[in-house]
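Trainee: This is the structure I have questions about; it appears just below.
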Amino acid sequence: MHRDFAETLLPFERRWAWTEINREAIRTNLKTLRKHIGPDTMILTVVKADGYGHGAAEVAKVALSAGSKYIGVACVTEGIKLRQAGIKAPIIILSEPPVTTIEAILYYDMVPAVHTVEFALALGEAAAAAGVIAPFHLKVDTGMNRVGVHYSDAGDFLRTVSFHEGLELQGTFTHFATADTADGYAFKQQIDRFEQALEIIRFMGMDPGIIHAANSAAAIRFKRSHYHMVRLGISVYGLHPSNLTRELVRLEPAMSVHARINALKQVGLGEGVSYGFTYRSPGGINIATIPLGYGDGLSRLLSNKMDVLVDGHRYPQVGTICMDMCMFEASRKANISSVRNAQLSAERKPVEYGDEVIVIGKSGSQEITMDDMAAQIGTINYEIACMFGLRLERIYVE
Ligand SMILES: *Cc1c(COP(=O)(O)O)cnc(C)c1O
């Protein structure tokens, strides 16, 4: 009889490496954020890059059930996947997609950000031809200098496209470049410019619609940036956009990264481990392998720098991280192994084949966070989360 491997086995049975996504943490974070920003501001939950690696459709469902009104994505394909997963809420594509996607945008009832006349008119034409009105959000560039209509041109832009009966300005928004930094001047300049653009739009007799500007950092730090709606990404996942938000809200990380030991061996004094022998055994140690590598989002830059947790104890990762595997020192004799190992907790029970290893998350009193990992390789928690979303299978809990 045909037996479906994908259906009969759970992700952690198919492969001894997986991520766990805690839905309750997402709900709790949204509740915390709602309390912090107050009851009157709508929340758009950003689920681009497959929900920052957490699974876009699952996150969208949880977020919508926890009071988020809108969903934001980066591109049309991401929006289509959400519709196919049964998400009915309004979906905003946060930057203007190619004109070739317009048919799909209308078919799947999505709302694009717009910043070129070409796209606006093509959208209007297609909508009029189909006998519908296409809503859009005008993206205003107030200093990020990435995409968007320059703030001083917002009024002229709308005058150029607003004659079109197939178009409806449903919202006006901007995006901050420095909301997560201590540079208050640059932030204030952007918000002043945004309000100038809104003033011009209103002065011309148009309604800017839903006004939104804040990402997580701005939403948490600056009430003035809330307007009608805030666009929350990283904070919903329980990660801080910067150290400046840590004392303002308490967030709970939703993703943890897990593996199981699939090989364990004694490696003698002076023997190298993994490609290039960037680590050599100090003797008398066990090397444990887990099936998790840079192809799963564990950056090769972390080689010989990171730790893993087993049963509440820390162990140093050693040797070059491979595409699909990496190794760690699982010695019982912590004091005679590497210098870094000696600095770690001294008392350990021997690890065994099949033991669960925590790469990101808590084990006993120990914790390894995405912030720790990001700091080790000079990046931000956003990138770490996205990377672990690329190949690992996910288990949703609660
Ligand atoms: C990604 C993104 C956000 C969310 O930013 P966070 O810092 O993750 O909260 C908001 N707005 C736009 C336009 C984005 O691209």
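Trainee: Tell me, what HN-Hα J-couplings in whole Hz come from the Karplus equation 6.51 cos²θ - 1.76 cosθ + 1.60 at θ = phi - 60° for each residue of region 267-275, using x for Gly and Pro?
Mentor: Values per residue, Gly and Pro as x: 10, x, 3, x, 6, x, 10, 6, 3 Hz.
Trainee: So, in nm, how far is label Ala6 from label Gln266 when the simple model puts each one 7 Å beyond its Cα toward the Cβ?
Mentor: For the pair Ala6/Gln266, the computed spacing is 4.5 nm.
Trainee: Rg and Dmax of the chain, using alpha carbons, in Å: what are they?
Mentor: Taking only Cα atoms of the chain, I get Rg and Dmax of 24.5, 79 Å.
Trainee: Any aspartates and glutamates with Cα under 17 Å of the Lys139 Cα? List them, leaving off those in the same chain fewer than 8 positions away.
Mentor: Glu96, Glu118, Asp153, Asp156, Glu168, Asp192, Glu195, Glu199, Asp207
Trainee: Suppose R0 equals 22 Å; then what is the FRET efficiency for Ala128 and Asp207 from their Cβ-Cβ distance, rounded to the nearest 0.05?
Mentor: It comes to 0.60.
Trainee: Can you give the FRET efficiency for Val147 and Glu103, using 1/(1 + (r/R0)^6), R0 = 22 Å, r = Cβ-Cβ distance, to the nearest 0.05? Don't skip to the answer; put the middle values down first.
Mentor: Numbers: r = 22 Å, r/R0 = 0.99.
Efficiency for this residue pair is about 0.50.
Trainee: Lys265: which lysines have alpha carbons under 25 Å from its alpha carbon, excluding same-chain residues fewer than 8 sequence positions away?
Mentor: Qualifying lysines at Cα under 25 Å: Lys305, Lys333, Lys349.
Trainee: Sticking with this structure for a sec: Mind giving me the nanometre distance, one decimal, between the label points for Arg83 and Val397, set 7 Å out from Cα along Cα→Cβ?
Mentor: 3.6 nm
Trainee: Over region 15-110, what is the relative contact order in whole percent, taking alpha-carbon pairs under 8 Å and six or more residues apart? Before the final figure, lay out the partial values.
Mentor: On the way: 108 pairs, mean separation 22.9, N = 96.
Dividing the mean separation by the residue count of region 15-110 yields 24 percent.
Trainee: Moving to a separate point now. Can you give the FRET efficiency to the nearest 0.05 for Val117 and Asn304, using r as the Cβ-Cβ distance and R₀ = 51 Å? Please report the intermediate quantities before stating the final value.
Mentor: Numbers: r = 53 Å, r/R0 = 1.04.
Once rounded, the FRET efficiency stands at 0.45.
Trainee: While we're looking at this one, here's another question. How about Lys35: which lysines have a C-alpha closer than 18 Å to its C-alpha, ignoring those fewer than 8 places off in the same chain?
Mentor: Lys69, Lys223
Trainee: Run lengths n ≥ 4 of DSSP H only: what is the helix-derived mean residue ellipticity at 222 nm for the chain, with -39500 (n - 2.57) per run over all residues, to the nearest 500?
Mentor: Working: 14 runs with 122 residues, N = 398.
Taking each H run of at least 4 residues, the total per residue is -8500 deg cm²/dmol.
Trainee: With each label point set 7 Å from Cα along the Cα-Cβ vector, what nm distance links Cys75 and Thr181?
Mentor: So the label points at Cys75 and Thr181 sit 2.8 nm apart.
Trainee: For Leu248 and Glu199, compute 0.36 nm times the residue count separating them, minus their Cα-Cα distance, and round to one decimal in nm. All intermediate terms of the calculation are to be shown ahead of the outcome.
Mentor: On the way: separation 49, 0.36 × 49 = 17.64 nm, distance 3.13 nm.
Computed gain between Leu248 and Glu199 is 14.5 nm.
A short reminder: the numbers here are calculations on the coordinates, not readings from a lab. For clarity, every value in this text was computed on a predicted model and none was experimentally measured. Positions of Cβ are backbone-derived with ideal geometry, glycine not excepted, and every protein chain shown enters the neighbour counts.
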